[in-house]
Amino acid sequence: MTVVTNEITFQSKGNGDVIDITSQVARIVEESGVNNGIVNLFVVGSTAGITTVEYEPNLLSDFKNMWDRVIPQHIPYEHNKTWGDGNGHSHVRASMLGASLTIPFVNKRLTLGTWQQIVFVDFDNRPRSRKIAIQILA
Amino acid sequence: MTVVTNEITFQSKGNGDVIDITSQVARIVEESGVNNGIVNLFVVGSTAGITTVEYEPNLLSDFKNMWDRVIPQHIPYEHNKTWGDGNGHSHVRASMLGASLTIPFVNKRLTLGTWQQIVFVDFDNRPRSRKIAIQILA
Amino acid sequence: MTVVTNEITFQSKGNGDVIDITSQVARIVEESGVNNGIVNLFVVGSTAGITTVEYEPNLLSDFKNMWDRVIPQHIPYEHNKTWGDGNGHSHVRASMLGASLTIPFVNKRLTLGTWQQIVFVDFDNRPRSRKIAIQILA
């Protein structure tokens, strides 16, 4: 049994900022000394999510536009009455996208496609210090 | 190698009912006797999903309103011709949200944010007995 | 500690093709020789996703219609200027649905509901050879 606990911390700009964390996750997997297993990534916080995407500027625009269409920022949110943070849309988007992603690795390599990157998506309406909890199991 | 199998069962009201299961999951993790690992939560059934959210009444309204806007109940669904259950929207919402959530824990503590709860979302159109399958690995 | 690495490969038609992979995953779990654990499924590629659904033809139509409504194919996508593939909508849908699914199994049986199947959803706009990376842990 092997459990290797780690985390990634970084600054995010918020407002739909999409951050490519692939190389950091790949390094953590390589340095774990484990050959085959899974890496479980979990977004700590309720206004951001995690997924995979082809990290290409035009596509990132499309992804952002999709959120603006499907879960708009500028419609009434009850949550904005609770704390006055104006980030009701951020929470709803984050819950929709999801906070966890789990990926197999084989011979120390993540089983990602060639044009598939792991991304953290910050939906909050301001810059934030962010953390992703990481557990490697094998 | 440690695998601890468990489950949570409860009654849900359906119709978008959002149930906070954080304390139950936290207790199962603590009582597993394992210090560091992951907990894999899986919704048994095809009309409910799982995610994380700040469990705050106004935000729960916003979350429910989002589903009513994005995947409305009262539009035609072919599935409603199959069984006559009228829950076509419930299935589509559940498949969109997702049935699995996997979370690291460290020193017996889930790596959740301060305002981040684990929630079961019942999209069915009637009260149901529900089950979440749980596997702890370390 | 047990890690069993596997994969599923198949041909997909693309264009929202929903492929039931439940029996293949169940067989891989049974043949792993492991009684209790988790199976982590990961979509290799950035234009497809994975979820669970009641695999019933009418519902599959509803699911496809939902994607056409929520993330339409025939609106402008910046990504379509990058490669000229015309699959901007495919990428955005895939990132929204998610690439990973993790399911507990107990006594060699997946903890699925009676009417709950594991499905691969191909959003690309052409037939593709596809792969799902699989890691069983126990």
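Got a number for residues in the range B:45-63 being hydroxyl-bearing (Ser, Thr, Tyr) and within 13 Å of chain A (Cβ to nearest Cβ)? The qualifying residues number 4.
When you scan the range B:1-44, how many residues do you find that are open to solvent by less than 10 Å² (accessible area, probe 1.4 Å) and either at the interface with another protein chain (Cβ under 9 Å from one of its Cβ atoms) or modelled with pLDDT under 95 (or both)? Steps first, answer last, please.
Pass one, the range B:1-44, residues open to solvent by less than 10 Å² (accessible area, probe 1.4 Å): B:8, B:12, B:14, B:21, B:25, B:29, B:37-43.
Cutting the leftovers down to either at the interface with another protein chain (Cβ under 9 Å from one of its Cβ atoms) or modelled with pLDDT under 95 (or both) gives us B:37-38, B:40-43.
Qualifying residue count for the region: 6.
Of the residues making up the range A:123-138, those that are farther than 25 Å from C:Asn40 by Cα and in a strand (DSSP E or B) number 3.
The set of residues in the range A:24-63 that are in a helix (DSSP H, G or I) and touching a residue at least 60 places away in the same chain (Cβ under 8 Å) comprises A:Val25, A:Ala26, A:Ile28, A:Val29, A:Glu30.
Looking across the range A:64-104, the residues that are open to solvent by 50 Å² or more (accessible area, probe 1.4 Å), outside any loop (DSSP other than H, G, I, E, B) and either among the β-branched types (Val, Ile, Thr) or more than 9 Å from chain B (Cβ to nearest Cβ) (or both) come down to A:Lys64, A:Asn65, A:Asp68, A:Arg69.
Which count do you get for residues in the range C:105-116 that are part of a strand (DSSP E or B) and at the interface with chain B (Cβ under 7 Å from one of its Cβ atoms)?
Applying the first criterion (part of a strand (DSSP E or B)) to the range C:105-116 yields C:105-106, C:109-110.
Narrowing further to those that are at the interface with chain B (Cβ under 7 Å from one of its Cβ atoms): C:106.
Qualifying residue count for the region: 1.
Quick one: is B:Gln11 part of a helix (DSSP H, G or I) and among the polar types (S, T, N, Q)? The answer is no for B:Gln11. Under the condition of being closer than 22 Å to B:Leu60 by Cβ and in contact with a strand residue (DSSP E or B) (Cβ under 8 Å, 6 or more places away or on another chain), the residues counted in the range B:101-128 number 16.
The values are calculated or read from the model by the stated rules, or taken from the named source; none is laboratory data. Please read these numbers as outputs of a predicted model, since none were measured by experiment. Using ideal geometry, Cβ is built from the backbone for each residue, glycine included, and neighbour counts are taken over all protein chains shown. Surface accessibility is based on the protein's heavy atoms, side chains included, excluding ligands, DNA and RNA. Shrake-Rupley method; radii C 1.70, N 1.55, O 1.52, S 1.80 Å.
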